[in-house]
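Visitor: Sharing a structure here in structure tokens format.
The values are calculated or read from the model by the stated rules, or taken from the named source; none is laboratory data. All figures in this text were calculated on a predicted structure; none of them were measured in a lab. When we count neighbours, we look across all protein chains shown, and the Cβ atoms used for this are built from the backbone with ideal geometry, even at glycine.
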Amino acid sequence: MHKIAILTDSTCDLSQELLDKYDIHYVPLYVTINNKTYKDGAELKAKEMYEKAEAVKAHPKTAAASIQDIYDFFMKFLKEDKEIVYAGIGGGLSCTFQNTHIVRDLVYDKHPEYEGRIHLVDSMNLSTGISLTLIKMCEARDQGKTAKEIVEIGEDVAPRVRAQFCVENLDYIHKGGRCSNSAKFFGTLLSIKPMLKVQAGKLNVWKKSIGSFKKALNIMIDEFLTNFENIDKSVVFITHSEGDPYAKYIEEKISGVIDRIENVYNTKAGCVISSHCGRNTTGILYIMNK
């Protein structure tokens, strides 16, 4: 039996510490600022991205991991005699997942000896919403499950992941095309804070809050607490884009239940996710029980 490698892409937004803890490896997506391109996570972090973008007054643009990148990435592990289980950004959110299918067929065509050793799971999510599925797959791998069993677990978990974010400023979602000029004008005028949620594999505006950013966070926190008895309490993510004070605010607001959660991870969003939502965007991500 081949050893199993759990693979993903940089939009999983896991720290190096957590990547090492769960033995997860990623292929980077790309971010371009003022005609200079960087590998997400590997060459540029969100804090630097904001600084560079603001210095040249240019909005970051993102691109999927290329077919060549994914091919080289997969081949590395196949040559190490491993079987691959991959789950990255959802198929409805980036063409990166479609590229993995192209690469799988390409690998099998060029190297028939690797036939059947690449398994792809649609996370239907982004950021640490991906990582919730990855962690469950890693736990299955460490329990000695087969690749087929790990895929079944990933496909069972993915639709039960809940990922929602509060956006403090409309600039980045406007420049990224998710907010019209008029919506940005009136949204800024009325101090509207969009609340985004991944639903059926798509990122949608879930609610809109008027007033302070903490008011929006409180709405998101209230939903989490309402769902709390029905969530998987093994792992919860609080993920933010350079919004440390807001992540700490969430921790304080859920302090009454936090001891009942096995792992609460406070993580930072990478460049690709940050480029679409902007500084201080903060979310809570968890898995609902069946």
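Visitor: Which one of these is in a strand (DSSP E or B), in the same structural domain as S127 (by TED's automatic domain parsing) and either hydrophobic (A, V, I, L, M, F, W, C) or within 17 Å of L126 (Cα to Cα) (or both): T11, T62?
Guide: Of T11, T62, the one residue that is in a strand (DSSP E or B), in the same structural domain as S127 (by TED's automatic domain parsing) and either hydrophobic (A, V, I, L, M, F, W, C) or within 17 Å of L126 (Cα to Cα) (or both) is T62.
Visitor: Name the residue that is nearest to G243 (Cα to Cα), counting only residues in region 22-49 that are among the charged types (D, E, K, R) and surrounded by 13 or more Cβ atoms within 10 Å (Cβ to Cβ).
Guide: K47
Visitor: Additional query: Just to be sure before I move on: is T133 part of a helix (DSSP H, G or I) and not charged (D, E, K, R) in the structure I sent?
Guide: yes
Visitor: As an exercise: evaluate K52 against (1) touching a Pro at 6+ places or on another chain (Cβ under 9 Å); (2) part of a helix (DSSP H, G or I); (3) crowded, with 19+ Cβ neighbours inside 10 Å and give the number of the one condition it does not meet.
Guide: Exception for K52: condition (3).
Visitor: Conditions: (1) buried (at least 16 other Cβ atoms within 10 Å of the Cβ); (2) in a helix (DSSP H, G or I); (3) free of Cβ contacts under 8 Å to residues at least 60 places away in the same chain. S274 meets all but one. Number of the miss?
Guide: Answer for S274: the failing condition is (3).
Visitor: While we're looking at this one, here's another question. Can you tell me which residues in region 14-49 are acidic (D, E) and part of a loop (DSSP other than H, G, I, E, B)?
Guide: D23, E43
Visitor: Inspect region 206-229 for any residue being in a loop (DSSP other than H, G, I, E, B) and modelled with pLDDT of 95 or more and give the result as yes or no.
Guide: no
Visitor: On to the next question. Taking region 2-36, which residues are of a type in the set (V, I, T) and in contact (Cβ under 8 Å) with a residue 60 or more places away in the chain?
Guide: Those that are of a type in the set (V, I, T) and in contact (Cβ under 8 Å) with a residue 60 or more places away in the chain: I4, I6, T8, T11, I24, V27, V31.
Visitor: A follow-up question, please. Checking the condition in contact with a Leu (Cβ under 7 Å, 6 or more places away or on another chain), hydrophobic (A, V, I, L, M, F, W, C) and either touching a residue at least 60 places away in the same chain (Cβ under 8 Å) or more than 30 Å from G278 (Cβ to Cβ) (or both), which residue from L106, L132 passes?
Guide: Residue meeting the stated conditions: L132.
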